[in-house]
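Engineer: Next up is a structure, given as structure tokens.
The values are calculated or read from the model by the stated rules, or taken from the named source; none is laboratory data. Note that the coordinates shown come from a computational prediction; the quantities given were computed from them, not determined experimentally. Using ideal geometry, Cβ is built from the backbone for each residue, glycine included, and neighbour counts are taken over all protein chains shown. Side chains included, ligands, DNA and RNA excluded: accessible areas come from the protein's heavy atoms. Shrake-Rupley method; radii C 1.70, N 1.55, O 1.52, S 1.80 Å.
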Amino acid sequence: MSAVLDHYCGSTFWNNSFLERQNPDLPECFELTVLVWVPLGFLWACAPWHLSRLFRAKASSYFSHLYICKQVLVALLLLTAIAGLAVTLGEDYGPSRHSSTNGSKPVVFYANPALFAASWVLVMLFQEGVRKTSAVDSAALFLFWALLVICGVFPFQTLLRKALEQGEIEDLPRFCLFYISYGLQVLALLLSGFADVPLEVADLVKKNPERGAPFLSRITFNWFNGMVLKGFKRPLVQEDLWDLKQEDNAHSIYQRFKENMKVELGKAKTALHKRQLKAGNKTESHENGLSKGVSQNILVMDQMGDKASKRKKKKAKDGDEKDFPQSWLVMSLAKTFKWILIKSAFFKLLQDVLAFLSPQLLKLMISFTQNMSIYTWKGYLYAILLVVVTFLQSVFLQQYFQRCFVLGMQVRTALMSAVYKKALVVSNDTRKETTVGETVNLMSADAQRFNDVTNFIHLLWSCPLQIILSIVFLWLELGPAVLAGLGVMLLMVPINGLLATKSRGFQMENMKLKDKRLKIMNEILNGIKVIKLYAWESSFEAQVQGIREKELKVMRKFAYLSSVSVFIFSCAPALVSLASFAVFVSVSANNILDAEKAFTSISLFNILRFPLAMLPQLISAMVQTTVSKKRLEKFLGADELDSTTMRHDSSFNTAVSVCAATLAWEKDAEPVLKNVSLDIRPGQLVAVVGAVGSGKSSLISGLLGEMHSLKGYVNIQGSLAYVPQQAWIQNATLKDNILFGSQLEEKRYQQVLDACALRPDLELLPGGDLTEIGEKGINLSGGQKQRVSLARAAYSSADIYLLDDPLSAVDSHVGRHLFEKVVGPRGLLKDKTRILVTHGVNFLPYVDEIVVLTDGKVSEVGSYQSLQASGGAFSEFLHTYAKEKSSKAQQGTEMSEELLDTLPETADLEADSPPEDMVSLMLRRESTLRRSQRHASVKSKKNSLLKKPEILPEVKAGQKLVEKEAMETGKVKFSVYMQYLRATGWGYIISIFMAYLIQNVAFIGQNLWLSDWTNDSLKYFNTSYPASVQDMRVGVFGALGVAQGLLVFLGTLLLANGSVKASRLLHSRLLANVLRVPMVFFDTTPSGRIVNRFAKDIFTVDESIPMSFRSWLLCLMGVISTLFVICLATPPFAAVVIPLVVIYYFVLRFYVATSRQLRRLDSVSRSPIYSHFGETVAGLSVIRAYGHQERFLQHNEVTIDENHKSVFPWIVSNRWLAMRLESLGNLVVFFSALFAVISRESMDSGMVGLSISYALNVTQTLNWLVRMTSELETNIVAVERVSEYTKLENEAPWVTERRPKDSWPDSGKLCFENFKVRYRPELDLVLQGITCEIGSMEKIGIVGRTGAGKSSLTNCLFRIIEAAEGRIIIDGVDIATLGLHDLRSRLTIIPQDPVLFSGTLRINLDPFEKFSDEELWRVLELSHLKDFVAGLQEGLYHEVTEGGENLSVGQRQLLCLARALLRKSCILILDEATAAVDLETDDLIQTTIRKEFSHCTVLTIAHRLHTILDSSRVMVLDAGQIVEFDTPDALLHKQGHFYRMAKDAGISTVESTTL
């Protein structure tokens, strides 16, 4: 081969003598062949891909200046190639040919110009292809130019040296052509480093600079500089963030994932079906039956279940475990993201291979310092090679990480979108099995787990590969002795496996406890008002703390386990090297450990350390992820709503048909509706009536398709609109709530506002219809919410309206107005089909048809008259409840017959004239007061009450209720760190620090000992190695290694205890304080934000901070010891350290400022994802009814994208930093090698080995130090956020020195003295000087238009709001002097909304377990629930689901009555307690109260006037003042406010209504 090439060039191709001298050079033939073929070969190898782009792409007409310059340069290069060919031809065949030169020039002089000419044409085509595809540059071209320039350096210096040595230029034409073309190549290289941004991409580049980044900028992440600089100058805000690339946004990721998921899930379902068939029907049905009965119990906190039931549960759980499609999720993800996986794997492979070059170069360096006969240039060459290899390693590693982290982000997106989509279509069975909290957890915790594992997924193959390569190279160094080290490693594996499985168990337990704790927290926040009114905070605090203690116990066990594994791991490298070296020197006397062997082995062992440390971590992460995988597979593979129940058959001539349908909430549950048949014609108004629990709401759910059809079906023609019993309001503006995604048609919108009596509200809401409504509609009253909900339906212009008792939550005259204007025969919806569930008897005469339900069956259907005449269940129902209408009946019985055909004029006028003066005034007042009560954010002046529609769009004070989440900016204050350290305890902190410090000293000592040991090879050269010296060397080396392990173990143990202590302290402070803040805080803070503190932030405090604190300490020590050792070995290095430290510091400052703010933006933009999700789950039936799933899906994608706008730059910022730090680390390597070459005479080889092997390690440690600093700072933000909530202002103390007598209040006398109150210091008064006395055992009715201050009065009695002036005296005690618990626990209230908590019925009635079972059964009997509870399997221990969902609203209200009966205090307050109840339940409650509370003072706030007509006195409130206060009779005769209200309600005398 060499001979052929010699002939080809006409000179020698290779001769070693060229290199074996002080100033080496390469042979000319080698430069003309190999150094030309390498770059050109690379170019031609890339050709197919580039040329395919050229023909595929559409032509772009844009030619940039840069493009033209590039093409001109290449054209000039083409000319030089042609000129080169011409010179050769001229020399061979031209007239000036010397006769002396016999024959022609060597072939190479023809071949090279021809090769170059062809290549230049190819390059021009490449550049055209790049322009056509609108790319900004080409990586292949840049690399080609770089190779060309590097390879050109050798001929460049050869020609120059030759000319200088000979004093003349031998071949002038070629000499000139070479330098001209080399200059052009350098220019081309420079130009190819710039981005050529096409016009059509320019806008995209502004929004996302990555699109316009050239190759160099992409590999060094220079395109990110803009963001870093901006972040350094000032804290970043959401608006500064760049847009995501098309392929990174949630929509496109989810679409790709969905297709793969569909296929894989299909396969899994088939497999499951086969499995079930195999298992046989018998066992299957048995297991299912069991698991159904228990599925809730597994979720609910079960404190009192006996052992037998626990055993049963365990069995059921095992049965339940396998009943869902499995093992499809990972496959779907792999298929979706296969390309990014392949690319990142390629980079990882390159990096792994390069990692093993460094130890070989180190070996050469050591032999260079030992052997003085080696030429100096080789030392410099090794130093340069070292830095090149480490630099390439950095580049590949960062590209790999970038892809993996982006992959993690995309996986998380895919899963979050899938969970959200699934939640929209999930069936009731699944909804029952997973609470809202758990579903949100799937989105947050489980998707995040997948994200974390994907970041490191390639280590699954990379770790084994690194281990194998290390062992191969170590074998070459130490021979079979390596097996001893390997044996030690293999011993570690089962130990780690054992630890991993143990810790998995703890992890599972921890997750369960977390779920449980968050579930209770959620409930506490949802029912906080009731908890405060009943003074139950301490019971709930104890419940949460109980779970938290269990959680901490598990955490401590987990921490102890991990400290054992840390111990094993820190011992591992020392033990492995000890075993290998000890065996190596003892196997034979000839084996002497020299520096080359020792330090090459040590750096190989260092490489080995990483995969060995990562594997167990990876395994435990995989284990945790399998838990998440199961949870996700179970949820995503669960049953969806059964769409077969609903038919849309147009052949029916009815709007709604229910054909012999038997419907149940779950597949195997008891049917709620049995054999129901109904036909409703288009345009009919149908009322559904029946007692509590007779299945009215279930019928509506059935029509919505939310129930399982056991037989029969429902046929619906046309679109649906649905108004639920409890209004669902979104956290959006009032206008958005009404429009609900429809287009705005101004005229229709205004009509709806008028019909739903919302106009007066708008005039008074601070921002009109652009006022933001808080989460769950907190800044609207119950009535306003219901009207907004109704307005949403009315605006939607659907065909069929399902109205689930929307009129019960509003005052009777507003109810009449709504019926009149919206629902009734003359309302907005008169031509639509309306199905109205109602308890109000007075609307029934106006409906077309009445459906009577009893016990889930339709007992009667017919018109008002026919049913009244039939004498069935309905006429009894009427007989009992129509007494309130007797006054109307006296006006003439004939009227009732005509009611159906015509709505009498009088009735029309009666309902029509009042709205102007009555409804409007009333609503106006309602809103003024409501506004001043509810929000803090209203700082509006008096004049902002005037409506100014023209200038609405700008946000006014108070228009936004929920302020944006406060986000700390800038540097985390040092005090926050101190706070955490204090919580950990100084004793712990100092001990931890000392343990790690001494461990580091041991580490340095061990390496210095090794370096000294290797010098023995020189000392005992050619003599036998004394056994005593050998034993001493091995012994000390081993002892120092084990000491390190023990110290790390000690440090980790101490840290585990300290961090558990800190976690306990921070959580209990947070919980105690949140339960003690005043009510107004909960009204203005979304619950998601508070839950986030208890979930994400406490999780960070528990798990992330201790981890990052430990890593940070270890890294800091590592960096210091490395620099110390290098300076010790090569003192000149100290001079380089200072500038490096300065650069390091600045890079760090820039990075940390940006990264920290990006993390904060991430956590702030993450909350909306979860709160939107929570909101969606809460309003599922409404969203499904309107068919708006797609719109909500899109909104979810937008919120995820907003979050990723901060996650993606954060990922890049880490890569940006790593590139810069690794370059610094590579410089450290370079300088330590350089100084070793310079001072090779004075240094011993042991020290060289030590300093360079340390330097090779420093890159990673430096990187980790910054990463850990920033992670610690990021995580410590959690402490900052938690402590923010521990400093909130508290309400008055629960217990003060002044304790009332045990019997207080004994007589129940109330006295208000000039009592004034406002919700916030800056707001108007709500009660304006109330003065009155209420005697013992009086029954007082409190009436007034909505917002007159009725509820505020009760809030003041319980000191939910504190007095601004005046006082309230109860039985001679000023309530302001008592502790809140003393006060609240002695009064009893039956609140407006019946709130229940998950847990047993017993806990709901008596959370402190003060009462016996007999007492509980007695109150259940009095509240008419005894039969119901006795009928339940578990009786008093029946589990109530979240929010009491498994009881009807009426039953919940009766339970609240039972609570009040248990308290039996002297003063009872009823806050519109019967508003949401049908007349029958209302009657039960009223009778019980009259009988049981006859000896008490009772204050009743009434919606329905007839409930208070037998009061001793009635207090009429208006605008926060008492306007009338007398007996009902006197007030009716007085003909004032009360008289007018009574007249509206159809009451003329007291007698006519007494029941």
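Engineer: Taking a probe of 1.4 angstrom, what is the accessible area of residue 138 in Å², to the nearest 10?
Structural biologist: 10 Å²
Engineer: Angle between the Cα long axis of helix 537-587 and the longest principal axis of the chain, 0 to 90 degrees, nearest 10?
Structural biologist: 10 degrees
Engineer: Considering amide H positions built from the backbone, and no H for Pro or chain starts, which residues 5 or more places from residue 1400, or on another chain, come under 5 Å of its amide H?
Structural biologist: For residue 1400, whose amide H was placed from the backbone, the distant partners under 5 Å are 1440.
Engineer: Could you derive backbone 3J(HN,Hα) for segment 483-495 from the dihedral phi with the Karplus parameters 6.51, -1.76 and 1.60 (θ = phi - 60°), listing whole Hz in sequence and x where the residue is Gly or Pro?
Structural biologist: Once rounded to whole Hz, the list reads 4, 4, x, 5, x, 4, 4, 5, 4, 5, 4, x, 4.
Engineer: Quick check: pseudo-label points 7 Å beyond the Cα along Cα→Cβ at residue 330 and residue 1365, how many nm apart are they?
Structural biologist: 7.3 nm
Engineer: Which ³J(HN,Hα) values, rounded to whole Hz and listed in residue order, are derived for segment 76-93 from phi using the Karplus coefficients 6.51, -1.76 and 1.60 in 6.51 cos²θ - 1.76 cosθ + 1.60 with θ = phi - 60°, glycine and proline given as x?
Structural biologist: Computed from phi, the couplings for segment 76-93 are 4, 4, 4, 4, 5, 5, 5, 4, x, 5, 4, 4, 5, 4, x, 5, 7, 10 Hz.
Engineer: Residue by residue through segment 216-232, what is 3J(HN,Hα) from phi via Karplus (6.51 cos²θ - 1.76 cosθ + 1.60, θ = phi - 60°)? Round to whole Hz and write x for glycine and proline.
Structural biologist: Those phi angles translate into 4, 5, 5, 7, 9, 6, 5, 4, 8, 3, x, 5, 5, 5, 4, x, 6 Hz.
Engineer: Among 1437, 996, what's the order by accessible area (1.4 angstrom probe), most exposed first?
Structural biologist: Largest to smallest exposure gives the sequence 1437, 996.
Engineer: Return one number: the angle in degrees, 0 to 90 and rounded to the nearest 10, between the long axis of the Cα atoms of helix 1479-1492 and the longest principal axis of the Cα atoms of the chain.
Structural biologist: Roughly 70 degrees, rounded to the nearest 10.
Engineer: Assuming R0 = 22 Å, can you tell me the calculated FRET efficiency for the pair residue 1301 and residue 1463, based on Cβ-Cβ distance, to the nearest 0.05?
Structural biologist: Here the calculated transfer efficiency is 0.85.
Engineer: Contact order normalised by length for segment 387-504, with contacts defined as Cα pairs under 8 Å and 6 or more residues apart; what percent is it?
Structural biologist: Computed over segment 387-504, the figure is 31 percent.
Engineer: Listed highest first by mean packing, meaning other Cβ atoms within 10 Å per residue, what order do 153-163, 1271-1281, 801-811 come in?
Structural biologist: With the highest mean Cβ count within 10 Å placed first, the list reads 801-811, 1271-1281, 153-163.
Engineer: Right, something else. Determine, for each peptide in 1031-1038, 189-196, the mean count of other beta carbons within 10 angstrom over its residues, then list the peptides with the highest first.
Structural biologist: The most tightly packed comes first, giving 189-196, 1031-1038.
Engineer: Oh, and also: What is the percent of Cα-Cα separations in segment 1-124 that go past 26 Å?
Structural biologist: Pairs farther apart than 26 Å: 42 percent.
Engineer: Once amide H atoms are built 1.01 Å from N in the peptide plane, which residues 5 or more positions from residue 1318, or in another chain, come under 5 Å H to H?
Structural biologist: Close amide H contacts, sequence-distant or interchain: 1326, 1364.
Engineer: Divide by every residue of the chain the summed helix terms, -39500 (n - 2.57) for each DSSP H run of at least 4, and state the resulting mean residue ellipticity at 222 nm, rounded to the nearest 500 deg cm²/dmol.
Structural biologist: Computed mean residue ellipticity for the chain: -21000 deg cm²/dmol.
Engineer: Another question, then. Largest first, how would 973, 674 line up by accessible area (1.4 Å probe)?
Structural biologist: Per-residue accessible area, sorted high to low, gives 973, 674.
Engineer: A follow-up question, please. Normalising by the residue count of the chain, find the relative contact order in percent from Cα pairs under 8 Å and 6+ residues apart.
Structural biologist: Normalised by residue count, the contact order of the chain is 11 percent.
Engineer: Between segment 675-722 and segment 808-884, how far is it from one alpha carbon centroid to the other, in angstrom?
Structural biologist: 15 Å
Engineer: Still on this structure, I have one more. Can you give me the solvent accessible area of residue 1434 with a 1.4 Å probe, rounded to the nearest 10 Å²?
Structural biologist: Its heavy atoms expose roughly 90 Å² to the probe.
Engineer: In terms of the ratio Rg/(2.2 N^0.38 Å) built on C-alpha atoms, what value belongs to segment 333-467?
Structural biologist: 1.66
Engineer: With a cut-off of 19 Å, note down the residues of segment 796-826 whose backbone N falls inside the zone around a label point 7 Å from the Cα of residue 754 toward its beta carbon.
Structural biologist: 796-797, 814-826
Engineer: Still on this structure, I have one more. Quick query: amide H of residue 685 versus all other amide H atoms, modeled in the peptide plane; which residues come in under 5 Å with a sequence gap of 5 or more or a different chain?
Structural biologist: Close amide H contacts, sequence-distant or interchain: 834, 848, 849.
Engineer: Moving to a separate point now. When the chain is fully extended, how far beyond the present Cα-Cα distance does residue 553 get from residue 1548, taking 0.36 nm per residue of separation?
Structural biologist: Stretched out fully, the residue 553 to residue 1548 stretch lengthens by 351.4 nm.
Engineer: Which order do you get for 1424, 1533 if you rank them by accessible area with a 1.4 Å probe, largest at the top?
Structural biologist: Sorted descending by solvent-accessible area, the residues read 1533, 1424.
Engineer: While we're here: Using the Cβ atoms and a cut-off under 11 Å, what net charge is assigned to the surroundings of residue 975, where Lys and Arg are +1 and Asp and Glu are -1?
Structural biologist: +1
Engineer: Additional query: Nearest 0.05, what FRET efficiency do residue 65 and residue 990 give at R0 = 60 Å with Cβ-Cβ as r?
Structural biologist: 0.40
Engineer: Okay, next question. Need one value: the accessible area of residue 1445 in square angstrom, 1.4 angstrom probe, rounded to the nearest 10.
Structural biologist: It works out to around 130 Å².
Engineer: Pairing the Cα long axis of helix 338-355 with the longest principal axis of the chain, what angle in degrees results, from 0 to 90 and rounded to the nearest 10?
Structural biologist: 40 degrees
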